[in-house]
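Data first, discussion second: the structure below is written as structure tokens.
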Amino acid sequence: MKILVVGSGGREHALAWKIAQSERIQMVYVAPGNGGTALDNRLQNVPITDPLWLAQFVQKENIALTVVGPETPLAAGIVNIFRDQGLKIFGPTKEAAQLESSKDFAKAFMTRHAIPTAEYQTFSNIRAAHDYVTQKGAPIVVKADGLAAGKGVVVAMTLDEAHAAVDLMLSDNRFGNAGARVVIEEFLEGEEASFIVMVDGKNILPLATSQDHKRLQDHDQGPNTGGMGAYSPAPIVTPAVHARVMREIIIPTVQGMAKDGIPFTGFLYAGLMIDKNNHVKTLEFNCRMGDPETQPIMARLKSDLLGVLEHAVSGTLDTVELEWDRRTALGVVMAAAGYPDAPRKDDVISGIPAETPECVTFHAGTTLAGARLTTSGGRVLCVVGLGDSVKMAQRQAYQAVDQIRFDGAQFRRDIGWRAIKRPG
Ligand code: AMP
Ligand code: GLY
């Protein structure tokens, strides 16, 4: 059987790596893929990104099923295009992807269906937005409405920062051009976790829990990034919290989307804020898997992902039970010099250790030219260690990180610190 994975990041490398482990696989294509997917002889890169061309490629190669990694093609309607041509694809339609592509859509949806989230208002008028900030006070959170590759959120600790964020995001509207919108919402305190499920329109299959590390530097300092490391499972998501998230957030979301006439299919990612009383609120929805969360999650998945995906596109996820490696998987992202603002390219990478049962390295911003592997993006690698405890998984990951070399490499030394600090 032939499968196509759409995307080029570490998430897509991990998905393709896992799918390729199925005995029934003939070839996993990755479009466009990266240096790591080029190096793996069970995977083949395809230099196509346009959804219409991809659909044509799938028809020509007789590819059985397509899985989409990133949000951009989903928001552009790749699922609608494939389905119109009768092609099997796992992901949300353009309409359902609005849960991620429009913060205002997501907030209005959550309000309509009584799903817990921060109190908010949406503005396109710059003066009204400033007045609301003044009235509410700081800390306060200002979010651009559309997709902003993780850069559209300002957690403002002072009123000055909040007003500056409003100016920045609504400056186009200053002269009556109401193109842009911002969501301004209540600042929430607590610990974040990533809760990802597979949805077939009706049935829900939760994946293992995980926790990301958004800031660039140790001790959660420095600028926000796409994610500098993640581990699974996340001990903050106790069985009681898990049940609560399913009951209060995930089930009402899937049922609400179906009720609104836009059933959700695909990976659904709820970014959670869990407070000290174990109350949970939704920070955001993503209509895809997380990156780097996918890397440790896939490293722990024992079930055949191909079979699960077949059930997902057939509407029979209720018949699936997933099996997980009991160990912790912990992924450390190695990023390029200059990340996140202006990542440098073309640094030569060496020393990536061979995969073992305790460690696997997934590529993201890498390019293979002949035998030469170079950096070509912000997040370059995600090195995943597995161990019986978070500490042991951490040790495995950093042992490998310490062997890998490229000029200007940036990575955190403390991935997993919250779980390690946790009592009991
Ligand atoms: P988002 O893209 O909406 O997940 O926001 C990016 C990051 O900003 C989140 O991972 C949080 O760390 C932070 N954030 C977003 N919304 C809030 C909020 N209402 N309160 C506190 N922090 C937030
Ligand atoms: N790691 C956060 C995300 O994928 O959105």
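The values are calculated or read from the model by the stated rules, or taken from the named source; none is laboratory data. The model shown is predicted, which means the values in this text are computed figures rather than measured ones. Methodologically, a virtual Cβ is constructed for each residue, glycine included, from the backbone with ideal geometry; neighbour enumeration extends over all protein chains shown. Ligands, DNA and RNA are stripped out before the accessible areas are found, and what is left, the full protein with its side chains, is counted by its heavy atoms. Shrake-Rupley method; radii C 1.70, N 1.55, O 1.52, S 1.80 Å.
Which of the residues spanning the stretch 48-58 are open to solvent by less than 70 Å² (accessible area, probe 1.4 Å) and either touching an Asp or Glu at 6+ places or on another chain (Cβ under 8 Å) or not in a loop (DSSP other than H, G, I, E, B) (or both)? Once the filter is applied, which keeps residues that are open to solvent by less than 70 Å² (accessible area, probe 1.4 Å) and either touching an Asp or Glu at 6+ places or on another chain (Cβ under 8 Å) or not in a loop (DSSP other than H, G, I, E, B) (or both), the stretch 48-58 yields PRO51, LEU54, ALA55, PHE57, VAL58. Take the conditions (1) open to solvent by 40 Å² or more (accessible area, probe 1.4 Å); (2) modelled with pLDDT under 95; ILE126 misses just one of them, which is (1). Within the stretch 363-375, being open to solvent by 40 Å² or more (accessible area, probe 1.4 Å) and of a type in the set (Gly, Ala, Ser) holds for ALA369, GLY370, ALA371. Do we find that GLY408 is closer than 21 Å to ARG215 by Cα and under 20 Å from the mean Cα position of the chain (by Cα) in this structure? No, not satisfied. Annotation for the stretch 329-347: no member residue is away from ligand 1 (no atom under 16 Å from the Cβ), over 30 Å from VAL383 (Cα atoms), open to solvent by 10 Å² or more (accessible area, probe 1.4 Å) and at pLDDT 95 or above.
Using the structure shown, decide if GLY9 is in contact with a Lys or Arg (Cβ under 9 Å, 6 or more places away or on another chain), at pLDDT 95 or above and over 27 Å from ASP212 (Cα atoms). In short, no. Meeting the requirement of 1 or more residues that are within 16 Å of ligand 1 (Cβ to nearest atom) and of a type in the set (Val, Ile, Thr), the helices (runs of 4 or more DSSP H) wholly within the stretch 59-168 are 71-75, 103-112, 126-136. Scanning the stretch 183-221 for residues that are within 16 Å of ligand 2 (Cβ to nearest atom) and not in a strand (DSSP E or B), which turns out most open to solvent (accessible area, probe 1.4 Å)? The residue in question is LYS214. Every test in (1) farther than 13 Å from HIS363 by Cβ; (2) open to solvent by 40 Å² or more (accessible area, probe 1.4 Å) is passed by ASN45 save one, and that test is (1).
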